[in-house]
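The values are calculated or read from the model by the stated rules, or taken from the named source; none is laboratory data. Computed from a predicted structure; not experimentally measured. Here Cβ is always computed from backbone atoms with ideal geometry, including for glycine, and neighbour counts include all displayed protein chains. Accessible surface is based on the protein model in full, side chains and every heavy atom, while ligands, DNA and RNA are left aside. Shrake-Rupley method; radii C 1.70, N 1.55, O 1.52, S 1.80 Å.
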Amino acid sequence: MMFPDYRPRRLRRNEAMRSLIRETSISAANLIYPLFVMPGKNVREEVPSMPGVFRMSVDKLAAEARECLDLGVNHVILFGLPEKKDPVGSGAHAKDGIIQRAIKEIKNKVPEMMVTTDVCLCEYTDHGHCGVIIEGMVDNDATLEVLAATALSHARAGADMVAPSDMMDGRVAEIRAALDENNFVNVPIMSYAVKYASSFYGPFRDAAECAPQEGDRRGYQMDPANSREAMREATLDVEEGADILMVKPAVAYLDIISRLRDEFDLPIAAYHVSGEYAMIKAAAEKGWIDGERVMAETLLSIRRAGADIILTYFAKDMARLLG
Ligand code: PBG
């Protein structure tokens, strides 16, 4: 059927008609809000390159979690800045480490809040790489043990889900085994299955103080040029027991989200990362774009590409907009 018989504009006449045929929706239930936890007491400081995002001490977390819940955001992911860093990232799996304390604080005071933890070593190593360095290289297999210990310590502290973001080969299997052996069979793994070596992580590295001291992450994170390789990464993680597959960043990789959606039947998550957030905030502050509408359109595009779940610093703003 062609014009003049078929006129697509008929179904765009008013909002009631448009909403009747709307293909994609977004709700606060789809969103995960990242939180940065830092040492000290009574600290709540804004991240300079991420306006509206705050790093806070453990004692401030319950109030933050409560605010999220009141807005309908019932899921957070935690990132920690430890008191001390060392070459092997011991702080990541310390029993009284910053994240372990943060999990307990939230689960004790706001038990309805779902808590996922980021499992990685870069915030805990003094060199800032995501694994243990042996002979100048991030050593894959030596790192696996530390990652498994970290995930297990998070589960012991009460985490509802763990999310490995290090990009070591075989970490999902190693973490699954450690969790299962210790009776945490019901703790899911949301794998950062397809994580690119991206320049969009800049503001996060300021916030989490985890930029590598030397070199970059291209030896373990994916080459932005690759799409077929993303399918191999995701396939491996499915075989190793991942429950949710994540793509990161989001907007520059919508094609990857869409491909994963078509080829896998696991839930798909996408991380709208710090640089993506900062760009919208900065342009909006200058008055060059309508920040709220660009936010909503951006998050919608990630859902349209096929993501079930979006990790985003806009979670609270979006929930507020949804009302
Ligand atoms: C690693 C990790 C990073 C992000 C999430 N987990 C940083 C990196 O890989 O360098 C980035 C998130 C963002 O930019 O918002 N622990």
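What is the dipole size for segment 109-257, taken about its Cα centre, with +1 at each Lys and Arg Cβ and -1 at each Asp and Glu Cβ, in debye to the nearest 20? Mind showing how you got there, number by number?
Working: 11 positive and 26 negative charges, 79 e Å.
The calculation lands at about 380 debye.
Can you find, among 152, 31, 1, the residue sitting farthest towards the positive end of the charge dipole of the chain, where Lys and Arg contribute +1 and Asp and Glu -1 at Cβ?
Value: 1.
Over all directions, how big on average is the projection of the convex hull of the alpha-carbon atoms in the chain, in square nanometres?
That works out to 18.5 nm².
Only four residue types carry charge here, +1 at the Cβ of Lys and Arg and -1 at the Cβ of Asp and Glu. Report the dipole size of segment 26-322 about the Cα centre in Debye, rounded to the nearest 20.
About 880 debye.
With each pseudo-label sitting 7 Å past Cα toward Cβ, what's the residue 320-residue 197 distance in nm, one decimal?
That separation, rounded to one decimal, is 3.8 nm.
Say R0 is 51 Å: what FRET efficiency, to the nearest 0.05, do residue 109 and residue 181 get from their beta-carbon distance? Mind dumping the intermediate values first?
Working: r = 30 Å, r/R0 = 0.59.
Plugging the Cβ-Cβ distance into 1/(1 + (r/R0)^6) gives 0.95.
Whenever you get a sec, compute what percent of the accessible area on segment 26-322 sits on carbon and sulfur atoms (1.4 Å probe).
After summing per-atom areas, the C and S share lands at 49 percent.
If the cut-off is a Cα-Cα distance under 16 Å, which lysines reach residue 60, setting aside same-chain residues fewer than 8 apart in sequence?
Hits, sequence-local ones excluded: 41, 104, 107, 109.
Distance between Cα centroids, segment 76-105 to segment 142-219: provide it in whole Å.
12
Ignoring ligands, DNA and RNA, what accessible area per residue does the chain give at 1.4 Å, in Å²? Please list the in-between numbers first.
On the way: 15000 Å² over 323 residues.
That works out to 46 Å² per residue.
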